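Data block below; observations after.
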């Protein structure tokens, strides 16, 4: 079973009450819209290579692992915040399973979609 199919099943089980339309699988991405208005897209090439993008109103935010910011303590993981600044990734960690990282991000976003606290 592919990683995205496995994640889709787990997401639909864990967040069924929060996902009115379920999870859409599009080629290499998982797309979901939560009951809070949060829209999220997750792409996992592996446990070490991924991007998690989300929309909250007009704000676009992202956590990804592109190795572009060696100055950050969490490199390659980094967070593109609401002000389009690149910051250390506050949630995911290299080597964690895709499910662990994605679940941690979703749980945090359902409480604070802009990750400002």
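What the table below lists for this structure:
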item	result
Residue among 68, 115, 91, 72 that is in contact with a helix residue (DSSP H, G or I) (Cβ under 6 Å, 6 or more places away or on another chain) and in a loop (DSSP other than H, G, I, E, B)	91
First in region 101-117 and crowded, with 17+ Cβ neighbours inside 10 Å, second anywhere and at pLDDT 95 or above and assigned to a helix (DSSP H, G or I), Cβ under 7 Å, 6 or more apart	102/7; 103/14; 115/108
In region 91-106, the residues that are more than 20 Å from residue 8 (Cβ to Cβ) and modelled with pLDDT of 95 or more	91
Residue pairs meeting the criteria (Cβ under 9 Å; at least 6 apart or on separate chains; first surrounded by fewer than 15 Cβ atoms within 10 Å (Cβ to Cβ), in region 70-84; second assigned to a loop (DSSP other than H, G, I, E, B))	70/76
Count - residues of region 17-48 that are within 13 Å of residue 101 (Cα to Cα) and surrounded by fewer than 15 Cβ atoms within 10 Å (Cβ to Cβ)	2
Scan of region 13-44 for residues that are farther than 20 Å from residue 112 by Cα and either over 15 Å from the mean Cα position of the chain (by Cα) or touching a residue at least 12 places away in the same chain (Cβ under 8 Å) (or both), ordered by number	13, 21, 22, 23, 25, 26, 27, 28, 29, 30, 43, 44
Candidate set from region 85-100 (those that are more than 16 Å from residue 66 (Cα to Cα) and within 11 Å of the chain's Cα centre (by Cα)); member that is surrounded by the fewest Cβ atoms within 10 Å (Cβ to Cβ)	100
Any chance residue 54 is within 22 Å of residue 116 (Cβ to Cβ), surrounded by 15 or more Cβ atoms within 10 Å (Cβ to Cβ) and modelled with pLDDT of 95 or more	yes
Members of region 90-109 that are in contact with a strand residue (DSSP E or B) (Cβ under 8 Å, 6 or more places away or on another chain) and farther than 15 Å from residue 73 by Cα	98, 101, 102, 105, 106, 109
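The values are calculated or read from the model by the stated rules, or taken from the named source; none is laboratory data. These numbers come from a predicted model, not from an experiment. Heads up, the Cβs are rebuilt from the backbone with ideal geometry, glycines too, and the neighbour counts pull from every protein chain shown.
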